[in-house]
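Below is one structure, written out as structure tokens, with a few remarks after it.
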Amino acid sequence: MKTSGSDRPRQWERTMRTGTDAARYGRALLAEGLYLRALALSRRLLDHSSTGEERADDRVAAFVVTHLNLADLHTEGEHTVLAALPRGRAPRADGAAARSRRRSPPAAGCPAP
């Protein structure tokens with residue numbers, strides 16, 4: 001599906017919100033697929049920066065937030081696997097910390113944190 005340059009930020013934001021919701025409800029594979037799609041969109045935002053109306057900070061924030069959410073998702077998945085090991089074989093894993101750090105995309109028109 002082709003998207004215009006001006007629609008990419010909105011499509012990225014929708015994809016990230018859907019991915020974040022999927023992750024919150026424990027649908028890690030769906031969340032990962034959505035985050036990877038958002039990553040591709042954020043790369044296009046960076047590659048076509050001269051044609052878009054969005055600010056440079058917003059384009060970079062989209063790229064960084066997508067990577068952070070992917071990292072949190074993967075870390076949480078590793079913790080889940082480690083927690084399933086017999087006691088004493090691995091440190092206790094707590095996925096709540098990763099879930100609480102998961103970032104939501106910045107609201108349209110608002111500066112990124």
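Every number in this text was worked out from the coordinates using simple rules, so none of it is lab data. Bear in mind that the values here come from a model prediction, so they are computed numbers and not experimental data.
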Using only the alpha-carbon atoms of the range 7-49 as identical scatterers, what base-10 log of I(q)/I(0) does the Debye formula give at q = 0.18, 0.20, 0.26 Å⁻¹?
-0.46, -0.54, -0.78
When the gyration tensor of the range 22-77 is built from Cα positions, what are the square roots of 5 times its three eigenvalues, in whole Å, from largest to smallest?
25, 10, 8
